[in-house]
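What follows is a short report on a single structure.
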Amino acid sequence: MLRTQQVAAALSFLLVVASGSAAADSDATFFATPMQDPTSQGFIVPLPEIEPADLATDLRETRTDLEARRLHFREVAEDTRMTTGKFILALIAPGGFLLAAGSEIVHTQAENKVASLDEEIQELGVDLEMFEGIARDRRIILARYP
């Protein structure tokens with residue numbers, strides 16, 4: 001089985017080299033055969049086509065969801081912010097320091113989450129602008145299979 005695959009690979013290599021030299025001799029344009037996807041088992045597999053307008057709509061929905069999450073975490077950060085009243089309560093109440101420490105941890109995590117969501121929304125905004133431009137201009141995107 002392995003020997004058969006090696007012979008087939010050698011023959012296909014010789015065929016490509018021979019057709020390349022024949023194309024060079026005849027001044028014709030030579031196009032290399034594309035590599036096949038190793039998971040396709042030799043079959044030609046059509047790639048799915050995605051409409052840029054549909055992708056832009058999905059990106060807008062995702063950005064809206066991220067903005068809603070960012071708003072939620074901003075509210076959590078505001079609710080858990082240490083105030084003078086909470087500090088005095090932490091001094092007076094038994095176990096108040098544990099409550100204050102837990103509140104501060106939640107506040108810090110919420111602020112970090114807001115910052116990461118801000119970054120994601122900005123990156124998504126750049127992608128959204130690009131795909132909206134593609135949908136508007138109907139530019140063609142070329143991709144190369146490695």
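Here are the numbers for the structure shown:
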item	result
Residue count, region 80-127 (criterion: more than 18 Å from residue 70 (Cα to Cα) and either of a type in the set (Phe, Trp, Tyr) or open to solvent by less than 60 Å² (accessible area, probe 1.4 Å) (or both))	11
Sole residue being modelled with pLDDT of 85 or more, under 30 Å from residue 128 (Cβ atoms) and open to solvent by 100 Å² or more (accessible area, probe 1.4 Å), chosen from 74, 60	74
Filter pass, residue 69 being closer than 30 Å to residue 124 by Cα, open to solvent by 70 Å² or more (accessible area, probe 1.4 Å) and in contact (Cβ under 8 Å) with a residue 40 or more places away in the chain	yes
Hits in region 50-93 - residues which are assigned to a helix (DSSP H, G or I), over 28 Å from the mean Cα position of the chain (by Cα) and polar (S, T, N, Q)	84
Residue within region 83-91 that is under 30 Å from residue 122 (Cβ atoms) and at pLDDT 85 or above present	no
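The values are calculated or read from the model by the stated rules, or taken from the named source; none is laboratory data. These numbers come from a predicted model, not from an experiment. For neighbour counting, all protein chains shown are included, and Cβ atoms are generated from backbone atoms with ideal geometry for every residue, glycine included. Just the protein is used for accessible areas: all its heavy atoms, side chains included, with ligands, DNA and RNA removed. Shrake-Rupley method; radii C 1.70, N 1.55, O 1.52, S 1.80 Å.
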